[in-house]
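The next block holds one structure in the form of structure tokens; read it before the comments.
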Amino acid sequence: MPPVIRKSDSVLSDKRRTVLHTVGWQVQVRSYAWSPPTDVCETETTYVVRVEVAGMRESDFQVNMDNNYLVITGSRPDVHERRAYHQMEIRFGEFHTAVQLPGPVNAEKTEALYEDGFLTITLPKARPTKISIEEN
């Protein structure tokens, strides 16, 4: 069975790029960085950002605040051995994700923990708020 290779339709990519340029967004034509799955939630006193990036060390991450954005970058190393893939879904190499924080935070008291393949960043709110949680 030949390896599965996913390619985006170049016509669709060109149309998407044209639309994004039309609305004024800056688009990088060839970016090899990927974005890991990221969750953002809040409690009454904190915002919590959780990023799924297994197979790394704490030293592989960089976490920065840029205005009201939390920017997480890093690189997940790949095993350098010769192999033929039959399926390839796990991404390696440079990654980044940027999260717009819903409100002001106390950046000096921010905590980060990498455990069981998840990077969890807890950002205390500058002012605690009452939140309402809808039940399904």
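Just so it is clear, none of the values below were taken in a lab; they were calculated from the coordinates. Nothing here was measured: the structure is a model prediction, and the numbers come from that model. Cβ sites come from the backbone with ideal geometry, for glycine too, and all protein chains shown count toward neighbours.
At a glance:
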quantity	calculated
Whichever residue in segment 74-105 is without any contact (Cβ under 8 Å) to a residue 60 or more places away in the chain and under 11 Å from residue 53 (Cα atoms) and, among such residues, is nearest to the chain's Cα centre (by Cα)	74
Residue that is surrounded by the most Cβ atoms within 10 Å (Cβ to Cβ) [pool: residues in segment 116-126 that are more than 18 Å from residue 62 (Cβ to Cβ) and out of contact with any Gly (no Cβ under 8 Å at 6 or more places or on another chain)]	124
Residues satisfying the stated conditions in segment 83-129, i.e. in a strand (DSSP E or B) and at positive phi	93
Positions within segment 87-115 being loosely packed, with under 10 Cβ neighbours inside 10 Å, charged (D, E, K, R) and under 18 Å from residue 40 (Cα atoms), in sequence order	115
Residues within segment 54-73 that are assigned to a strand (DSSP E or B) and within 15 Å of residue 90 (Cβ to Cβ), tallied	0
